[in-house]
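This report concerns only the one structure given below.
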Amino acid sequence: MVWTVTEELLELNQRVVARLKMLESMQAHMEMMRFTPGQRVSFAYQGGRLLGTVVKYNRKTVTVITDNGRSWNVPPHLLSPVKDAGSVQPQQPVADKKRLK
């Protein structure tokens with residue numbers, strides 16, 4: 001089969017697009033793995049932040065149920081983990097060894 005330059009460029013373009021889609025998918029997957037179902041997260045919405053819980057992974061997004069019960073499909077790079085303030089133990093001041101003598 002004789003290929004023209006145009007056909008070769010179209011074939012190359014299709015391969016490049018397929019590769020870029022695969023790399024994008026891998027990046028989204030890696031970002032999703034930072035979160036686990038049940039984990040508390042937050043994301044920006046209309047100048048504020050919404051809090052919610054990760055419930056499942058989708059192809060390119062993570063499903064989050066916010067505290068008001070609404071379901072959101074959020075790209076993982078827009079999510080931030082929320083630290084549970086109730087599990088943080090107050091730190092005791094460490095006594096200076098020189099004072100103990």
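Multiply the residue separation of V5 and D67 by 0.36 nm, subtract the distance between their alpha-carbon atoms, and state the gained length in nm to one decimal.
Values: separation 62, 0.36 × 62 = 22.32 nm, distance 5.68 nm.
Going from the current span to full extension adds 16.6 nm.
To the nearest 20 Debye, how big is the dipole of segment 5-83 about its Cα centre, given +1 on the beta carbon of each Lys and Arg and -1 on that of each Asp and Glu?
Details: 11 positive and 6 negative charges, 101 e Å.
Here segment 5-83 has a charge dipole of around 480 debye.
Assign one of three labels to segment 3-51, namely rounded, prolate or oblate, based on the Cα gyration tensor with a ≥ b ≥ c the square roots of its eigenvalues; rounded applies when a/c is under 1.5, prolate when it is not and a/b is larger than b/c, and oblate otherwise.
Since a/c reaches 1.5 but b/c is at least a/b, the shape of segment 3-51 is classed as oblate.
None of the figures in this text is laboratory data; all of them are computed from the coordinates on show. Everything quoted here is computed from the prediction, not taken from an experiment. Every residue, glycine as well, gets a Cβ built from its backbone with ideal geometry; the counts of neighbours run over all protein chains shown.
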